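Data block below; observations after.
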């Protein structure tokens, strides 16, 4: 029973924080000088993006550890993080498209950050498809680990795209005429949103890892049962 306490703690705290986050964004966060009300989507858009990128970093680390140790816990963790990261990356794109419709008067432009994020979604969707191929567990784990490491190369491109391509039209938050950056109230709301989505992320990761480990145990039991039935049939025919 004690093993369930971290999950309950993360789920309850994440739920409470997410419930409180909405009125805080709408009522407490100040209006941004240039984009006004639509800028408030920033408090969901940015945390979704950061936790999505962190998920892919976790895929990279877990894949590397699997190659070094051949422990299938790391393989399961990599798969769980990739699934959550892909969902968060897609939500980042969708929230960004809503923001872009107001800011750019277009749902989509081939801005460097948008383009690299879209490529990132395709890469990790392919990674998850590879994990569904009919390979042995060992071969699937090895191939997935290599792909999980190589796929991470696009993550820095997404993160630094605004600096690598200065011509980006990605919205920049300002707090007054000609000013740049976030004021204190905006930073506090952003930190609250990062914490709320972070606890939701932890909850999903724990649940998905437990599901993956349980599925692996069932596969092991099924394999042993099939082997036992095969031996039984051999003895009957013998």
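The ranking of 5, 127, 72 from fewest to most other beta carbons within 10 Å of each one's beta carbon is 5, 72, 127. When you restrict to C-alpha pairs under 8 Å that are six or more residues apart and normalise by the size of region 1-117, the relative contact order lands at 22 percent.
Largest mean-square fluctuation among 107, 74, 50, in a Gaussian network model of the chain whose springs join Cα atoms under 10 Å apart, belongs to 107.
The label point for residue 225 and the one for residue 34, both projected 7 Å from the Cα toward the Cβ, are 6.2 nm apart. In the chain, the longest principal axis of the Cα atoms and the axis of helix 112-130 are about 10 degrees apart. Relative contact order for region 56-156: what percent, with Cα pairs under 8 Å and sequence separation of 6 or more? Once normalised by length, the contact order is 39 percent.
Taking 7 Å steps out from each Cα toward its Cβ at residue 134 and residue 214 produces label points 2.7 nm apart.
Of 40, 187, the sequence from fewest to most neighbouring Cβ atoms within 10 angstrom is 187, 40.
By the count of neighbouring beta-carbon atoms within 10 Å, fewest first, 211, 21 end up ordered 211, 21. According to the Cα-based calculation, Rg over Rh for the chain is 1.09, with Rh computed by the Kirkwood formula.
Readers should treat all values here as calculations from the given coordinates under stated rules, not as data from a laboratory. Remember, it's a predicted structure, so these values are computed and weren't measured experimentally. Every residue, glycine among them, receives a Cβ derived from its backbone with ideal geometry; neighbour counts consider all protein chains shown.
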